[in-house]
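Participant: One structure, as structure tokens, below. Some questions next.
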Amino acid sequence: MVDESYTAPQPPAVVIAVHNHKGGAGKTTTVSSLAAALSRRGHEVLVIDMDPQGNLSQQIGPENIGAIDTTIREVLLDPNQALPAVLKSTVKGVDIIISRLKLEAVLDKLRQSYTPAVILRPAIDILREGYDVILLDLPPALNLLSVNGIAAADYLIIPHQSGAQFSLDGMEDLLTFVGDIKRSVNPKISVLGHVLTKHDERENAKRAMAAALRARVGEEAVFKVTIPESTHILQSQMVRQDVISYKRKATVVEAYFELADLIAERAKLFASRKACNGEE
Ligand SMILES: Nc1ncnc2c1ncn2[C@@H]1O[C@H](COP(=O)(O)OP(=O)(O)O)[C@@H](O)[C@H]1O
Ligand SMILES: [Mg+2]
């Protein structure tokens, strides 16, 4: 007899940190756009804002974020707060844990721990059970918050602002930082890929930087699709939407869908909970 109430156990979520210590690299935009694209492809998505600036929370968090007490700060202080901290974002099918400025103050607390690098990990392990993919939006810094994000993740995506030479100049520091975390606390972390944002092949400086990045990290390590510069990004953020909800038919949206598909393939996100449960 077939038990129709039975649903097969789901594999735990793949956790992807999006990091570059340079501000303006496109981290937050990449997280909100990928979350929207992956959700539309049928995946259950959670995004976690780990930047005290709270840009992601302001963009796609609920309206009343000022009144919310349970943020990533509380989760870092107590992993049992992980599930209570989950909120609905404004992106259909995407949940969010928000952040705000007082997160900065938690850094001192983290430093006092015996295991300061792996404070987030138990909370992430609790959250993995409910999603296909968890995206971490890290701060523009090489600090304990970014250490914790990378230490709890399976993969890292590194966005680079195209044409910004300083992004390449700082990359050695970033790769050394990731290498140290890999050696000390998270041997399984690997770079899923580098992605060029605000790219335009027609501009010499941007083409030159793309070539230099590919030469430095290898052709394979840079996603073939690049994210074009688009006014729709800023416009969507001004009305607190992800760009896909804002302008479904835009080149930048197609690029983010293509990136989401490449990521799903590389990170092996084939099975989706919604599809398994017949919700597609
Ligand atoms: N593809 C794009 N085209 C145009 N502007 C973009 C694009 N991606 C990001 N931006 C803008 O660049 C700024 C920095 O992007 P953001 O995603 O916040 O970077 P980070 O999180 O790395 O600091 C934001 O104002 C954002 O609106
Ligand atoms: Mg950001």
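The values are calculated or read from the model by the stated rules, or taken from the named source; none is laboratory data. The structure presented is a predicted model; accordingly, all values stated were derived computationally and were not measured. No Cβ is skipped: glycine too gets one built from the backbone with ideal geometry, and neighbour counts run over all protein chains shown.
Participant: For region 128-146, state whether one or more residues are among the aromatic types (Phe, Trp, Tyr) and either surrounded by fewer than 16 Cβ atoms within 10 Å (Cβ to Cβ) or within 17 Å of HIS21 (Cα to Cα) (or both).
Facilitator: Checked against the condition, which is being among the aromatic types (Phe, Trp, Tyr) and either surrounded by fewer than 16 Cβ atoms within 10 Å (Cβ to Cβ) or within 17 Å of HIS21 (Cα to Cα) (or both), region 128-146 yields no hits at all.
Participant: Residues of region 164-207 being under 11 Å from ILE150 (Cβ atoms) and aromatic (Phe, Trp, Tyr), which ones?
Facilitator: Listed by number, the list holds a single entry, PHE177.
Participant: Can we say ILE72 is closer than 30 Å to GLN10 by Cβ, within 16 Å of ligand 2 (Cβ to nearest atom) and either within 18 Å of the chain's Cα centre (by Cα) or at pLDDT below 95 (or both)?
Facilitator: The answer is yes for ILE72.
Participant: Would you mention how many residues in region 134-161 are more than 12 Å from ligand 1 (Cβ to nearest atom), among the β-branched types (Val, Ile, Thr) and either in contact with a Ser or Thr (Cβ under 9 Å, 6 or more places away or on another chain) or assigned to a helix (DSSP H, G or I) (or both)?
Facilitator: 2
Participant: Touching a strand residue (DSSP E or B) at 6+ places or on another chain (Cβ under 9 Å), surrounded by 15 or more Cβ atoms within 10 Å (Cβ to Cβ) and modelled with pLDDT of 95 or more: does that describe ILE119?
Facilitator: Criteria not met by ILE119.
Participant: Looking at region 123-142 only, could you name the residues that are of a type in the set (D, E, K, R) and more than 12 Å from ligand 2 (Cβ to nearest atom)?
Facilitator: Answer for region 123-142, where residues must be of a type in the set (D, E, K, R) and more than 12 Å from ligand 2 (Cβ to nearest atom): ASP125, ARG128, GLU129, ASP132.
Participant: For the subset of region 222-249 comprising residues that are β-branched (Val, Ile, Thr) and in contact with a strand residue (DSSP E or B) (Cβ under 7 Å, 6 or more places away or on another chain), which member is nearest to ASN55 (Cα to Cα)?
Facilitator: Only one residue fits best here, namely ILE227.
Participant: What pairs come out if I take residues in region 224-250 that are closer than 20 Å to ARG207 by Cα and pair them with residues that are within 9 Å of ligand 1 (Cβ to nearest atom) and part of a loop (DSSP other than H, G, I, E, B) whose C-beta lies under 6 Å away, six or more apart or interchain?
Facilitator: Listed pairs, sorted by first residue: GLU229/LYS198.
Participant: Something else about it: Taking into account only those residues within region 37-67 that are of a type in the set (A, V, I, L, M) and within 16 Å of ligand 2 (Cβ to nearest atom), which is nearest to GLU258 (Cα to Cα)?
Facilitator: The selected residue is VAL47.
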